[in-house]
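Everything below concerns the one structure shown next.
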Amino acid sequence: MKKPSQFDAIVVGAGPSGNAAAYVMAKAGLKVLQIERGEYPGSKNVQGAILYAKALEEIIPDFREDAPLERHIIEQRMWMLDDTSFVGTHVRSDDYNKPPYNRYTIIRAQFDKWFSSKVREAGALLICETTVNHLIMDGDQVVGVQCDREQGDVYADVVILADGVNSTLARKAGFHGEIQARNVALAVKEILFMPEETIRQRFNIGEEEGVVIEMVGRITDGMMGTGFLYTNKESLTIGVGCMLSDFKKNPNRTSPYVLLEQMKHHPSIAPLIAGGEMKEYCAHLIPEGGFNAIPQVYGNGWMIVGDSGGFVNAAHREGSNLAMTTGRLAAETVISAKAAGRGYRATALSPYKAALDGSFVMKDLHKYRDMPDILHRNPQFFTTYPDLLANAARTMITVDGIDKKTKKREVMSSFRRSRSLSGLVGDAYKLWRAFR
Ligand SMILES: Cc1cc2nc3c(=O)[nH]c(=O)nc-3n(C[C@H](O)[C@H](O)[C@H](O)COP(=O)(O)OP(=O)(O)OC[C@H]3O[C@@H](n4cnc5c(N)ncnc54)[C@H](O)[C@@H]3O)c2cc1C
């Protein structure tokens with residue numbers, strides 16, 4: 001029999017999605033309980049980490065006043081690497097140096113703690129070091145959660161699952177199936193301590209300015225994946241992630257740790273991180289299935305937000321951006337449902353999906369819906385093309401007495417030899433489809 005609700009809403013998890021949901025509901029005066037298994041919010045979290053200001057601004061407009069931000073990003077580098085070189089583009093603009101800044105590097109442990117303090121200030125009750133083991137059902141309606149504590153049953157009108165990638169709660173309740181290795185990446189990252197002055201000199205930046213380097217190519221050993229290097233105030237974040245299914249079938253049996261070590265020794269990367277002292281090392285899954293892997297995200301008395309619903313835009317790795325936005329949209333749906341007094345059946349919570357569909361979240365996921373599959377089935381984009389481009393650039397730039405026309409012919413024939421004319425045309429079409 002259904003026990004009376006003790007809370008309007010229970011939020012499971014205190015990452016960006018859970019904090020966004022709990023904050024918005026508490027701020028609107030709802031009685032909110034948030035449960036986090038970590039010792040404190042942020043203690044279980046791993047992130048690169050770039051914070052996209054817009055999503056947080058919609059929730060806490062004046063967040064810049066006291067949020068622990070590292071550097072605002074003024075330069076984005078995109079590198080394609082072969083074994084010894086990189087070819088890339090750098091976009092740097094003084095427009096990015098004018099407040100309000102668009103993106104920041106953050107340290108997740110500090111940021112999540114700060115966000116959580118705002119959630120509590122707004123009036124939500126947070127319980128840490130507590131794991132939710134099951135959802136409590138009354139027929140087909142979720143009515144509460146069962147925690148790993150004595151008398152650990154808590155009841156609420158609605159439960160928001162913000163428990164991150166590989167949500168065991170959603171799986172146990174049958175809301176979505178087993179996680180598929182082809183739909184998640186395994187990423188490892190390190191934070192390397194470095195004096196502020198060294199970072200400024202190496203990356204050609206001022207006191208608060210930051211640089212992001214995104215990388216593809218030989219660093220992922222033929223697997224679909226990317227590497228990244230971000231500048232924090234007094235540290236660098238370096239990491240690499242590849243599809244879990246690719247790790248499983250990698251002929252060299254390369255482990256994520258070895259991949260990161262190899263990447264750190266790449267001649268284009270090693271000088272940037274030289275002397276860095278490792279402060280933190282972690283590994284985590286990232287949902288990469290995109291639009292086609294998003295499960296049902298609401299039902300009778302429940303909603304799924306953030307990584308738990310697979311909301312990561314593989315094209316830009318904006319997980320926390322999507323996490324905060326989905327958390328906010330779910331919270332706004334609960335607030336409206338309560339105001340309308342129409343209960344919390346799936347029909348009352350369906351505006352959540354409509355709001356998602358109308359937002360950049362589903363629009364962007366839909367736009368890049370074919371990308372994960374196309375890139376996954378075409379490893380040449382991570383192997384052959386970085387090699388060809390690096391070789392072409394070296395050939396054209398090297399001054400060695402060979403005339404430019406001959407060099408150009410050499411470059412063209414190296415492309416045709418590796419991929420054939422029809423292969424090149426096919427690859428161009430695939431790339432267009434992936435990023436159209
Ligand atoms: C290496 C790496 C780099 C990344 N870089 C970026 C980046 O630069 N920018 C970006 O926007 N995104 C990035 N992401 C993605 C981003 O980290 C995630 O999308 C984001 O953290 C998702 O937030 P979330 O709140 O949904 O989940 P999480 O942050 O995973 O939070 C889930 C929380 O739920 C708690 N929890 C889980 N199960 C339970 C339970 N049963 N009971 C109680 N609590 C529970 C966990 O302890 C955790 O605190 C990166 C991810 C990785 C792994």
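The values are calculated or read from the model by the stated rules, or taken from the named source; none is laboratory data. All values reported here derive from a predicted model rather than from experimental measurement. Don't worry about glycine lacking a Cβ; one is built from the backbone with ideal geometry, like all the others, and counts go over all protein chains shown. Heavy atoms of the whole protein, side chains included, go into the accessibility calculation; ligands, DNA and RNA do not. Shrake-Rupley method; radii C 1.70, N 1.55, O 1.52, S 1.80 Å.
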Q) Out of curiosity, is Ala181 over 24 Å from Met78 (Cβ atoms), under 23 Å from the mean Cα position of the chain (by Cα) and among the small types (Gly, Ala, Ser)? A) yes
Q) Does Asp148 satisfy being within 15 Å of the ligand (Cβ to nearest atom), at pLDDT below 95 and more than 22 Å from Ala55 (Cβ to Cβ)? A) yes
Q) Going through the stretch 383-432 one residue at a time, which ones are of a type in the set (D, E, K, R) and open to solvent by 70 Å² or more (accessible area, probe 1.4 Å)? A) Arg394, Asp400, Asp403, Lys404, Lys405, Lys408, Arg409, Glu410, Arg416, Arg417
Q.
I need a count of the residues in the stretch 103-122 that are assigned to a loop (DSSP other than H, G, I, E, B) and within 11 Å of Arg71 (Cα to Cα).
A. 2
Q: Could you grab me the full set of residues in the stretch 74-102 that are outside any loop (DSSP other than H, G, I, E, B) and over 27 Å from Met223 (Cβ atoms)?
A: Ile74, Glu75, Arg92, Asp94, Asp95, Tyr96, Asn97
Q: Could you pull out the residue among Glu36, Glu65, Glu58 that is within 12 Å of the ligand (Cβ to nearest atom), open to solvent by 10 Å² or more (accessible area, probe 1.4 Å) and modelled with pLDDT of 95 or more?
A: Glu36
Q) Hey, Tyr281 hits all of (1) more than 13 Å from the ligand (Cβ to nearest atom); (2) surrounded by fewer than 20 Cβ atoms within 10 Å (Cβ to Cβ); (3) of a type in the set (Ser, Thr, Tyr) but one; which does it fall short on? A) (1)
Q | Residue, farthest from Ala339 (Cα to Cα), within the stretch 2-20, restricted to residues that are near the ligand (Cβ under 9 Å from one of its atoms) and among the aliphatic types (A, V, I, L, M) | A | Ala14
Q: Starting from residues that are open to solvent by 50 Å² or more (accessible area, probe 1.4 Å) and among the polar types (S, T, N, Q), keep the ones in the stretch 160-197 and report whichever is farthest from the ligand (Cβ to nearest atom).
A: Gln180
Q: Take the stretch 205-248 and flag every residue that is free of Cβ contacts under 8 Å to residues at least 60 places away in the same chain and on the phi > 0 side of the Ramachandran plot.
A: Asp221
Q.
Against the definition (touching a Gly at 6+ places or on another chain (Cβ under 8 Å), open to solvent by 40 Å² or more (accessible area, probe 1.4 Å), more than 14 Å from the ligand (Cβ to nearest atom) and in contact (Cβ under 8 Å) with a residue 24 or more places away in the chain), how does Asp157 come out, yes or no?
A. yes
(Q) Glu214 - would you say it is open to solvent by 10 Å² or more (accessible area, probe 1.4 Å), at pLDDT 95 or above and within 15 Å of the ligand (Cβ to nearest atom)? (A) yes
Q | Selected residue (only one of Phe311, Phe360 is outside the structural domain of Gly225 (by TED's automatic domain parsing), among the aromatic types (Phe, Trp, Tyr) and within 11 Å of the ligand (Cβ to nearest atom)) | A | Phe311
Q) If Tyr52 passes every condition in (1) modelled with pLDDT under 95; (2) more than 8 Å from the ligand (Cβ to nearest atom); (3) closer than 14 Å to Ser320 by Cβ but one, which one does it miss? A) (2)
**Q.** Count - residues of the stretch 295-308 that are away from the ligand (no atom under 13 Å from the Cβ) and either assigned by TED's automatic domain parsing to the domain that holds Ser235 or assigned to a loop (DSSP other than H, G, I, E, B) (or both)
**A.** 4
Q: Check every one of the helices (runs of 4 or more DSSP H) wholly within the stretch 325-405 and list those with 3 or more residues that are within 25 Å of Ser420 (Cα to Cα).
A: 371-376, 384-397
**Q.** Gly29 within 15 Å of the ligand (Cβ to nearest atom) and of a type outside the set (A, V, I, L, M, F, W, C)
**A.** no
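Please tell me if Leu365 is buried (at least 18 other Cβ atoms within 10 Å of the Cβ) and under 14 Å from Trp302 (Cα atoms). Full working, then the answer.
Numbers: buried (at least 18 other Cβ atoms within 10 Å of the Cβ): yes; under 14 Å from Trp302 (Cα atoms): no.
It is false that Leu365 is buried (at least 18 other Cβ atoms within 10 Å of the Cβ) and under 14 Å from Trp302 (Cα atoms).
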Q. Open to solvent by 60 Å² or more (accessible area, probe 1.4 Å) and in contact with a strand residue (DSSP E or B) (Cβ under 9 Å, 6 or more places away or on another chain) - does that describe any residue in the stretch 328-351?
A. yes
